[in-house]
Amino acid sequence: MLTVSGIETFYGASQALFGLSLEVGAREVVTLMGRNGMGKTTTVHSITGITPVGGGEIRFEGRQIHRLPSFRIGQAGIALVPEGRQVFPNLTVRENLIATAANRARRSEPWTVDRILVMFPALEARFGVMANLLSGGEQQMLAIGRALMTNPRLLILDEATEGLAPLVRRDIWACLENLKRDGQAILVIDKNVNDLARVADRHYVVEKGRNVWSGTSAEIHENPGLLHEKLKL
Ligand SMILES: Nc1ncnc2c1ncn2[C@@H]1O[C@H](COP(=O)(O)OP(=O)(O)OP(=O)(O)O)[C@@H](O)[C@H]1O
Ligand SMILES: [Mg+2]
């Protein structure tokens, strides 16, 4: 579905990605792991066209996307839940959900506002409230709901549980497990490596903008010290 091949990304003269590669298959949940500042956000910004790619290639469902503007990549069916959430602060919950709604994956049963409220019941009581008045956890649920309302073929989450209370985190992981069960392809970045190893199929570890390891959750379960060694935690 998504193939990132040897991308190089720069911020001015400073290079952040050095030939980074990864793949996400249909119905797969794949993680991108790495310590702070290793290039995870830069990778998803390169995929979603927020940061231009200086070298290498990105293909999505067979089509080159790395020179397309961000909105075209969204239309192709990639939705990003960005680091720091970034919901529309002065729109209500309802308005946030419908603002960018579309049926990108042409699903026979597309996401609706009602289905989002079933997934995140906490949003129901906040339906008419401006997003900037929501708690961090509610904003995160809204950010995920808003991304789902575009019916993406690939959902990307950058640190979706960052700074949230344990109970809210648990709800977000439960949501991702439900999405996986429904066959949603997901690329996820998170600091909670144990949750990632439980939910995801495959993993990539990046260090200073380069791939240093990739493998399956089965490999991690067989060798519990593996991730700590590869991440140098
Ligand atoms: N807008 C920017 N301008 C210049 N350098 C940047 C910019 N954004 C990121 N960088 C640099 O690129 C490198 C990779 O940063 P990136 O944000 O991709 O890391 P990350 O793995 O997402 O880290 P974190 O876990 O802290 O979110 C870092 O060295 C960072 O300082
Ligand atoms: Mg980041």
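Every number here is computed from the coordinates shown, using simple stated rules; none is lab data. Quick caveat: nothing in here was measured; it's all calculated off a predicted structure. Quick reminder, even Gly has a Cβ in these numbers, built from the backbone with ideal geometry, and neighbours come from all protein chains shown.
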For this session: Evaluate E = 1/(1 + (r/R0)^6) for residue 208 and residue 125, where r is the Cβ-Cβ distance and R0 equals 45 Å; express this FRET efficiency to the nearest 0.05.
Result: 0.50
Exercise. Going by a ≥ b ≥ c, the root eigenvalues of the Cα gyration tensor, does the range 1-133 fall in the rounded group (a/c under 1.5), the prolate group (a/b larger than b/c) or the oblate group?
Worked result: prolate
Seminar exercise, completed: The answer for the net charge of residues other than residue 4 whose Cβ lies under 10 angstrom from its Cβ, with Lys and Arg +1 and Asp and Glu -1, is -1
Problem set entry | GNM result for the chain, Cα springs below 10 Å: residue of 13, 79, 160 fluctuating most strongly | 13
Exercise. In the Gaussian network model of the chain, springs joining C-alpha atoms below 10 Å, which of 202, 63, 104 carries the largest mean-square fluctuation?
Worked result: 63
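Given Cβ point charges of +1 (Lys, Arg) and -1 (Asp, Glu) and nothing else, what value in debye, to the nearest 20, does the dipole of the chain about its Cα centre take? Write out the running numbers ahead of the final one.
Details: 27 positive and 24 negative charges, 79 e Å.
Value, rounded to 20: 380 debye.
Ignoring everything except DSSP H segments at least 4 long, calculate the 222 nm mean residue ellipticity for the chain; use -39,500 (n - 2.57) per segment, divide by total residues, nearest 500.
Working: 9 runs with 77 residues, N = 233.
Taken over the chain, the calculation gives -9000 deg cm²/dmol.
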Exercise. Which entries in the list 180/230; 191/230; 208/232 go over 22 Å, if you measure between the two C-alpha atoms of each?
Worked result: 180/230
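With the alpha-carbon atoms as the only input, what is the per residue convex hull volume for the chain in Å³? Each step should come with its number before you reach the end.
On the way: hull volume 27.8 nm³, N = 233.
With only Cα atoms used, the chain gives 119 Å³ per residue.
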Exercise. For labels at residue 21 and residue 94 in the simple 7 Å Cα→Cβ model, what's the distance in nm?
Worked result: 5.0
Exercise. What is the antiparallel percent of DSSP beta bridges lying wholly in the chain, to the nearest 5?
Worked result: 60
Seminar exercise, completed: The relative contact order of the chain, taking Cα pairs under 8 Å that sit 6 or more residues apart, comes to a percentage of 28
Problem set entry | Average Cα contact separation per residue, the range 181-225, under 8 Å, 6 or more apart, as relative contact order % | 27
For this session: For residue 223, put the label point 7 Å out on the Cα→Cβ axis and report which residues of the range 153-193 keep their amide N under 19 Å from it.
Result: 193
